[in-house]
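Peer 1: The structure follows.
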Amino acid sequence: MVGHQQCTLEQDTRDHGTSRSWRKTLTAPAPFADETSCQCQAPHEKLTIAQARLGTPVDRPVRVYADGIFDLFHSGHARALMQAKTLFPNSYLLVGVCSDDLTHKFKGFTVMNEAERYEALRHCRYVDEVIRDAPWTLTPEFLEKHKIDFVAHDDIPYSSAGSDDVYKHIKEAGMFVPTQRTEGISTSDIITRIVRDYDVYARRNLQRGYTAKELNVSFINEKKYRFQNQVDKMKEKVKNVEERSKEFVNRVEEKSHDLIQKWEEKSREFIGNFLELFGPDGAWKQMFQERSSRMLQALSPKQSPVSSPTRSRSPSRSPSPTFSWLPNKTSPPSSPKAASASISSMSEGDEDEK
């Protein structure tokens, strides 16, 4: 069950005759214990863990207490509070936060001051009430004042303030309920990262406008960090130029591939058209043959007939002599008789013309 819950169920029961369910949505920060008059007025009888896990009446939630420093509030803190909130079906989670004086005395310096740490807890969805200036070691008087049923914390012995385990007496009283730590994250780990990368953070904050005095940076380190910032800017510019150059080269390569592909397609088309026109069986050869035959027909007409009609003679002009008596070169006389026969025929022809 999430959200901050108001401990006014007894008042609601008197006014309305029925108990109102716990609020499930967060509409305001969790209240501070010393600023609210919301105190559970129901009889506070001691519960066992088995009884609490079976469930309690609506007007008698199990009051679970979790305490800590909660510096640089992170997901590990939130998960621990979530576990404390969901230990029992009906619970009311109180969170105690130690002050700066107490923390600096027993643990060390904090990054966030106590006011910042209080506000961080107030805005966690699992927290129902925040107790400021919580004690380092829990006393019976403190437990009775806040009607605390159980204390939730991880089971690792917490040695501090001259004790091997500050929760030892709570465990002996049967009021301790363990939670699990979240591995890989803690306030110390976060601070270690900051210290390890101190130069990076100092340079970044100088760029953002913080002064060297505010960052507790010496004059020499300030100049070194500013010079490194200038070098990083130049590297970034060079990197941008290289990326743009690579992008330009890639575009040129893509366009060249497209041009080569188009050229190959056009060349294939041109070669195909050329072969269709000038190939062995192309249209150009057929057209050339047709035109050649037409030209040959025009240049060499058909042969005249052998017996042509006799042309009329003009009275003023004598007829042209004919040379039909000349022997045929292609067929010479094969014998003297044939030769004499041809001569006689020629003489007869001459007589006819006369």
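Peer 1: Among the residues of the stretch 123-176 satisfying the criterion of being in contact with a helix residue (DSSP H, G or I) (Cβ under 9 Å, 6 or more places away or on another chain) and basic (K, R), which is nearest to A30 (Cα to Cα)?
Peer 2: R125
Peer 1: Say we look at the stretch 244-260 and pick out the residues that are of a type outside the set (A, V, I, L, M, F, W, C) and open to solvent by 100 Å² or more (accessible area, probe 1.4 Å); which of these is nearest to Q207 (Cα to Cα)?
Peer 2: R244
Peer 1: Please find, among R204, R181, the residue that is free of Cβ contacts under 8 Å to residues at least 24 places away in the same chain and either open to solvent by 70 Å² or more (accessible area, probe 1.4 Å) or of a type in the set (V, I, T) (or both).
Peer 2: The unique qualifying residue is R204.
Peer 1: Return yes when H153 is over 50 Å from the mean Cα position of the chain (by Cα) and modelled with pLDDT of 90 or more and no when it is not. Reasoning before the result, please.
Peer 2: Numbers: over 50 Å from the mean Cα position of the chain (by Cα): no; modelled with pLDDT of 90 or more: yes.
No; evaluated as a whole, the condition is false for this residue.
Peer 1: Is there any pair with a first residue in the stretch 242-266 that is without any contact (Cβ under 8 Å) to a residue 40 or more places away in the chain and a second that is assigned to a helix (DSSP H, G or I) and open to solvent by 100 Å² or more (accessible area, probe 1.4 Å) whose Cβ atoms are under 9 Å apart and which are 6 or more apart or on different chains, and what are they?
Peer 2: none
Peer 1: R226: assigned to a helix (DSSP H, G or I), over 30 Å from F73 (Cα atoms) and outside the structural domain of F73 (by the TED database), yes or no?
Peer 2: So R226 passes the test.
Peer 1: Sticking with this structure for a sec: How many of the residues in the stretch 147-173 are among the aliphatic types (A, V, I, L, M) and assigned to a loop (DSSP other than H, G, I, E, B)?
Peer 2: Qualifying residue count, the stretch 147-173: 5.
Peer 1: Separate question: Quick check: anything in the stretch 38-53 out of contact with any Lys or Arg (no Cβ under 9 Å at 6 or more places or on another chain) and without any contact (Cβ under 8 Å) to a residue 12 or more places away in the chain?
Peer 2: yes
Peer 1: Pairs please, first residue from the stretch 94-119 and farther than 15 Å from W136 by Cβ and free of Cβ contacts under 8 Å to residues at least 60 places away in the same chain, second anywhere and assigned to a helix (DSSP H, G or I) and of a type in the set (K, R), Cβ atoms under 8 Å, 6+ apart in sequence or on different chains.
Peer 2: Every condition considered, no pair remains.
Peer 1: Applying the selection to the stretch 42-67, what residues are open to solvent by 40 Å² or more (accessible area, probe 1.4 Å) and part of a loop (DSSP other than H, G, I, E, B)?
Peer 2: P43, H44, E45, K46, T48, P57, V58, D59
The values are calculated or read from the model by the stated rules, or taken from the named source; none is laboratory data. Treat the numbers as computed from the prediction; the structure is a model and nothing was measured. Note: ideal-geometry Cβ built from the backbone for every residue, glycine included; neighbour counts use all protein chains shown. Accessible surface is based on the protein model in full, side chains and every heavy atom, while ligands, DNA and RNA are left aside. Shrake-Rupley method; radii C 1.70, N 1.55, O 1.52, S 1.80 Å.
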